[in-house]
Amino acid sequence: MPIQLNEENGGKILAVHVSGKLVKADYEHFVPEFERLVRQHGKLRVLFDMTGFHGWEAGAAWEDVKFGVAHFADIERLAMVGEKKWQQGMATFCKPFTKATVRYFDHAQAAEARKWLDESVATGNEIGGRHMLKHQLLLPEGILILEPDAPLEAADFEGLVREIDPYIAEHGKLSGLMIHAKAFPGWANLEAFLAHMQFIKSHHQKIVRLAMVTDSKLLGELPKIAAHLVHVQVKHFSESQHEDALRWLKDGTPVSP
């Protein structure tokens, strides 16, 4: 069958393997079975294996869109396993339209994808019991260092707010913010993107200096854009200039009376 379903971990994980080219009739079995599992278990973790998958016929493509609109909210974690560039693009495209945490794995990483889903079941909404966004608040300078190394989640920004708002309430502003990243990992889902936008809106006027430390050409251009959007002194540093960036942020630290 073009769509094969297997229940794992007591039904909390649904392994879906699609192959060949899907037709409209394939969804007549898949959708009721998916809905049964949701009624029985609530939100699901899904392993979506696209190895050997060649796409949809016209009618099936519309069925897939309808399924996504109706059921993306029923998926908590989605591991997409593929072997082609367009399949990886599917994972990127669907992220803003679902609150599920979505990750793409190459077909050679299928075991890693399954492990990721198993761990998420065991540890709840945090992977490995930690948030994805590493952060450190340097005191007494009031300099926040962020090191994003995986797709951001809404909980990351909730953690940041709890960390820095008491300092801002006492001192008025953060003296500096350093974003240290090899590349921007993006957002896990739409909820995370909206949380990021809300964080920027509510905090950008409370930061004196922003240092972007990266060798990424894309991230290196962000200070030029940010300079027109936020009221912050913004400067780009290469990876080798990490200490220079930290000194620049400390130079902007207000002197206590």
Just one of [x] 60, 54, 34; [y] 56, 37, 33; [z] 73, 35, 29 is Cα extents along the principal axes in Å as worked out from the coordinates here. Which one is it? [z]
Using the Karplus curve 6.51 cos²θ - 1.76 cosθ + 1.60 with θ = phi - 60°, work out ³J(HN,Hα) for each residue of the stretch 44-54 in order, rounded to whole Hz, and write x for Gly and Pro. 10, 9, 10, 9, 9, 9, 9, 5, x, 8, 10
Output wanted: per-residue J couplings in Hz (rounded whole) for the stretch 158-168, from phi through Karplus 6.51 cos²θ - 1.76 cosθ + 1.60, θ = phi - 60°, x for Gly and Pro. 5, x, 4, 4, 5, 6, 9, 4, x, 5, 5
Where Met90, Met178 fall by accessible area, highest first, once all protein chains stay in place (1.4 Å): Met90, Met178
Computed P(r) (all Cα pairs; the stretch 138-250; 10 Å bins; percent): 14, 46, 37, 3
Got a sec? What order do Val46, Val23 fall in by accessible area at 1.4 Å, biggest, i.e. largest, first? Val23, Val46
Kindly work out what percent of the DSSP beta bridges joining two residues of the chain are antiparallel, to the nearest 5. 25
Measure nothing but the geometry: give the 0 to 90° angle between the long axis through the Cα atoms of 85-94 and the longest principal axis through the Cα atoms of the chain, rounded to 10°. 70
Rounded, prolate or oblate for the stretch 1-103? Axes are the square roots of the Cα gyration tensor eigenvalues, ordered a ≥ b ≥ c, and the cut-off for rounded is a/c under 1.5. rounded
Alpha carbon centre of the stretch 176-193 versus the stretch 10-74: separation in Å? 30
For helix 190-203, report the angle its Cα long axis makes with the longest principal axis of the Cα atoms of the chain; keep it between 0 and 90° and round to the nearest 10°. 10
In Å², what does the accessible area per residue of the chain work out to with a 1.4 Å probe? 54
Add -39500 (n - 2.57) for each DSSP H run of 4 or more in the chain, then divide by its residues: what number comes out at 222 nm, to the nearest 500 deg cm²/dmol? -13000 deg cm²/dmol
Amide H partners (placed H, <5 Å) of Ile207, local residues excluded: Leu174
Highest-fluctuation residue, Glu163, Glu76, Glu57 considered, GNM on the chain with Cα pairs under 10 Å: Glu57
Between His203, His236, His29, find the one with the highest GNM mean-square fluctuation for the chain; connect C-alpha pairs within less than 10 Å. His29
Show Trp116, Trp187, Trp248 ordered by accessible area, largest first, where the area counts protein heavy atoms only and the probe is 1.4 Å. Trp187, Trp248, Trp116
Over the chain, with a Gaussian network built from C-alpha contacts below 10 Å, which listed residue (Gly11, Gly176, Gly89) shows the highest mean-square fluctuation? Gly89
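The values are calculated or read from the model by the stated rules, or taken from the named source; none is laboratory data. What you are looking at is a predicted structure, and each value in this text was computed from that prediction instead of being measured. For accessibility, only protein heavy atoms count, side chains too; no ligands or nucleic acids. Shrake-Rupley method; radii C 1.70, N 1.55, O 1.52, S 1.80 Å.
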